[in-house]
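Reviewing the structure listed below.
The values are calculated or read from the model by the stated rules, or taken from the named source; none is laboratory data. Computed from a predicted model, the values in this text were never measured in an experiment. All Cβ positions, even for glycine, are placed from backbone atoms using ideal geometry, and neighbour counts span all protein chains on display.
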Amino acid sequence: MSVTVELDPDVALVLFEMLASRDDLAEELKLEAPERNSLWALEAALEKQLVGPLQADYAAQLNAARQSVVARMGT
């Protein structure tokens, strides 16, 4: 059985970047193996769905996504 979660593309991109760029996140949060592995699974699932990280203008896409998330959801 799998679980499907729908995310706004901007939210997905911001989450992916947070997970992918912070190799020490699990250690910093003092996560145990189940939680750490679950974060890795989430990162892998996002990576399979997103094309932005493979594009030359990824930094601009990420910046726009971050601004969009704040504009819609607040600081």
Residue list for the range 29-38, restricted to those being surrounded by 14 or more Cβ atoms within 10 Å (Cβ to Cβ) and either on the phi > 0 side of the Ramachandran plot or under 10 Å from the mean Cα position of the chain (by Cα) (or both)
none
Filter result (loosely packed, with under 12 Cβ neighbours inside 10 Å and either modelled with pLDDT of 90 or more or not β-branched (V, I, T) (or both)) within the range 50-61:
L54, Q55, A56, D57, A59, A60
Within the range 44-61, residues under 13 Å from L15 (Cα atoms) and free of Cβ contacts under 8 Å to residues at least 12 places away in the same chain come out as A44, A45
State all residues of the range 37-71 that are of a type in the set (D, E, K, R), more than 18 Å from V3 (Cα to Cα) and in a helix (DSSP H, G or I); if no residue qualifies, say none.
R66
Only one of A41, A64 that is in contact (Cβ under 8 Å) with a residue 40 or more places away in the chain and surrounded by fewer than 15 Cβ atoms within 10 Å (Cβ to Cβ)
A64
Determine if the range 8-28 includes at least one residue that is exposed (fewer than 11 other Cβ atoms within 10 Å of the Cβ), among the hydrophobic types (A, V, I, L, M, F, W, C), in a helix (DSSP H, G or I) and over 11 Å from the mean Cα position of the chain (by Cα).
no
